[in-house]
Structures are given as C-alpha cells and as structure tokens.
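Accompanying notes for the structure given below.
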Amino acid sequence: MIKKEFKDIIKPTALRIVTGVLIIFLFYTALRLFGGREAPFFADIIYLYDVLFWLIIVWVSFNLGINMFKKEQTDYAMEYLISSPLSKPEIFIKKISPRLIILFLLVLFYFMLQNLHIFLSIEKSRHIIGFSGVIIITFTVFLCSAFLSIYEWGDFKALVWLIITFPGYHLSLLLDNFLHLNVVSDDSILVSIGLINLSLMIITIILGIGFYFSYRNFDVRAQKIFKNKFSLISGIPLILIILTSLIIGISKNI
C-alpha cells in the first residue's frame, strides 16, 4: 500500500514543485529586467529561492494532506479501503508515512538551500519566518489538512485553508491578550510569528481530536453523520475561538 501511495503522490507533488519554481523564476526575471538588480545572477536567484521556497513547501504540504483520501473518493473505493484487512490505524499510518517522507525531503532541501545562500553570502536573507517556523507551519498545515481529508470537499476544497488559518489567526490575537507578543503601530497589528506557530499547533490538536473520534468509527454510512460529530468536537471550539477574539477586539475599541 505504501508503494501505491508513493506512486499516487509523486507526480502531482513534482508538478506543484515545478510550477512553484517556475513562478518564482518568472518573478525573479521580472525583477531582474525592471527592478535594476545588479547582483551576480546565480547568487541572486539562490537568495530569492531561499526567501520564497518555503511557500512552495507549505502549498505542497496542504495538498498532500487534503488529498490523502482523494483516490478512494474519486474511485468510489472508500468502502473497499475500510473493509480491507488493515485496521484503521494501519491505514492511516500507511497513508501518512509517504507524505511525511516527501515533506521531510523538501524541508531538508530547503535547509541545504539556506546553507548554500549563507555560503555565498551575497545578500542577507529577509525571511518572514525562520527555519524552525517553516518546519512548524509545514507539518501543522499538513496534519490539519490530513485530518480533514476523510470528508469530500469537492469544489470547496480551498475553504479548508480558512478552517485552518482563520481560527489560527484569531487564536493568535486571543493569546496575545496574555502573552503580549504582537507589535502594534499606527493602528495596525504585526502578528508575532511565534504566536502564529503556537496557534497552528493548538488548531492542529483541536482538529486532531475531532479526527480521532470521527475516524475511529468511520465506515460507509453517510458522511453527514461523521461531519456532524466532527463539527461538535472540533467545530464548536474553533467557532468559540473566533467569537471570543472578535468580542475582545470589539470591547477594546469601545
């Protein structure tokens, strides 16, 4: 099964990586032509990939997670998968292991890219997040999307981003009331990367608990049953986080 999973994910993952690399290259070409960059070409483009490649990794991690059960859903093979001799934990492990390996290799490549840039040391990187932040965001986004992958999202798959990021953002604002790590200037808020990482880890735990109680009883019954259970276990805490954050924000402005 693991071999089949690798076969299913290699091509779409490679396609997304190549697409992301080409987009960054086209962006760099535009900067080179119209932005007046005069640094040596090789060192300059390594610098740009060093700064932006993590976005490709996060994009790949989301798609690896949310598409974890896509093959079974499109082939109407969920019943066959669930009725296989493998237990549900074994199915999950065999599903998630190849994807974690791919992400580990991507993060390792990014680490090597960063060290290559440091070796060339033409221009100091202006990272939005550090390397540890890339690791946290990559694997929390992957796990969150994987926990939601047993449900059929169809054309609304992009909304899963909101399920992860919207409560995560509001949780970071809520936590800042106790930790005071955000920077406020000129009526704007610069959210601390540390708070974002902490928030994503908490969101991962909330979604993971909902996934556990839904997946352990998952069968061929209508998905509405399991979505309702997930909504009660994970959805309510996420909604409460958003509402509490909004209420506190409004009360501060009154």
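The values are calculated or read from the model by the stated rules, or taken from the named source; none is laboratory data. Given the structure is predicted, the values throughout are model-derived calculations rather than measurements. Here the Cβ positions follow ideal geometry from the backbone for every residue, glycine too, while neighbour counts run over all protein chains shown. Just so you know, the surface numbers come from the protein's heavy atoms only, side chains and all, with ligands and any DNA or RNA stripped out. Shrake-Rupley method; radii C 1.70, N 1.55, O 1.52, S 1.80 Å.
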Inset, instruction - Within segment 65-116, count every residue that is free of Cβ contacts under 8 Å to residues at least 40 places away in the same chain, of a type in the set (S, T, N, Q) and under 24 Å from Lys157 (Cα atoms). - result: 1
Legend entry - Search result, residues across segment 153-182 that are touching a residue at least 12 places away in the same chain (Cβ under 8 Å) and of a type outside the set (A, V, I, L, M): Trp153, Lys157, Trp161, Phe166, Pro167, Gly168, Tyr169, His170, Ser172, Asp176, Asn177, Asn182
Legend entry - Flag if Asp44 is of a type in the set (D, E, K, R), modelled with pLDDT of 80 or more and either in a helix (DSSP H, G or I) or buried (at least 17 other Cβ atoms within 10 Å of the Cβ) (or both): no
Legend entry - Considering residues of segment 70-106 that are open to solvent by 20 Å² or more (accessible area, probe 1.4 Å) and charged (D, E, K, R) only, the residue nearest to Ile23 (Cα to Cα): Lys70
Legend entry - In segment 197-230, the residues that are modelled with pLDDT under 85 and surrounded by 15 or more Cβ atoms within 10 Å (Cβ to Cβ): Ser214, Tyr215, Phe218, Gln223, Phe226, Lys227, Lys229, Phe230
Inset, instruction - Please verify whether segment 57-69 includes one or more residues that are polar (S, T, N, Q), in a loop (DSSP other than H, G, I, E, B), surrounded by 15 or more Cβ atoms within 10 Å (Cβ to Cβ) and under 17 Å from the mean Cα position of the chain (by Cα). - result: yes
Legend entry - Filter result (of a type in the set (Ser, Thr, Tyr) and either touching a Phe, Trp or Tyr at 6+ places or on another chain (Cβ under 7 Å) or within 13 Å of Phe142 (Cα to Cα) (or both)) within segment 196-214: Thr204, Ser214
Legend entry - Selection count, segment 176-196, where residues are modelled with pLDDT of 70 or more and among the hydroxyl-bearing types (Ser, Thr, Tyr): 1
Inset, instruction - Can you tell me which residue within segment 107-126, out of those that are open to solvent by 60 Å² or more (accessible area, probe 1.4 Å) and under 23 Å from the mean Cα position of the chain (by Cα), is modelled with the lowest pLDDT? - result: Arg126
Legend entry - Test set (1) open to solvent by 70 Å² or more (accessible area, probe 1.4 Å); (2) under 20 Å from the mean Cα position of the chain (by Cα) - Leu26 fails condition number: (2)
Legend entry - Scope segment 133-173; condition outside any helix (DSSP H, G or I) and either more than 20 Å from Gln73 (Cα to Cα) or β-branched (Val, Ile, Thr) (or both); matching residues: Ile150
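Listed here are the residues, each with its yes/no results for (1) over 25 Å from the mean Cα position of the chain (by Cα); (2) modelled with pLDDT under 85.
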{"residue": "Ile2", "(1), (2)": "no, yes"}
{"residue": "Ile10", "(1), (2)": "no, no"}
{"residue": "Ala39", "(1), (2)": "yes, yes"}
{"residue": "Tyr80", "(1), (2)": "yes, yes"}
